[in-house]
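Notes for the one structure printed next.
The values are calculated or read from the model by the stated rules, or taken from the named source; none is laboratory data. Keep in mind it's a predicted model, so treat the numbers as computed, not measured. Here Cβ is always computed from backbone atoms with ideal geometry, including for glycine, and neighbour counts include all displayed protein chains.
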């Protein structure tokens, strides 16, 4: 999943009639300025609403160098 007001609004509007055995993983890293558009927050909210589990990515969206990218990917 990715952050943004659109995705955040969709997740906020979810009203599932049952639980789902799902794992929610953000498509990108990056902690953004507002908690309600942060990918990790939105993933957690979605997992809570669906009855699943969320995984957090605590990494920048962009690496400053190829070496940093390789380290983050490792």
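Within segment 45-69, track down each residue that is surrounded by 15 or more Cβ atoms within 10 Å (Cβ to Cβ) and within 16 Å of residue 13 (Cβ to Cβ).
Of everything in segment 45-69, those that are surrounded by 15 or more Cβ atoms within 10 Å (Cβ to Cβ) and within 16 Å of residue 13 (Cβ to Cβ) turn out to be 45, 46, 47, 49, 50.
Would you check which residues across segment 31-56 are outside any helix (DSSP H, G or I), in contact with a helix residue (DSSP H, G or I) (Cβ under 8 Å, 6 or more places away or on another chain) and at pLDDT below 80 and list them?
Listed by number, the residues that qualify are 31, 32.
For residues in segment 1-11 being exposed (fewer than 13 other Cβ atoms within 10 Å of the Cβ) and over 28 Å from residue 69 (Cα atoms), which is modelled with the lowest pLDDT?
6
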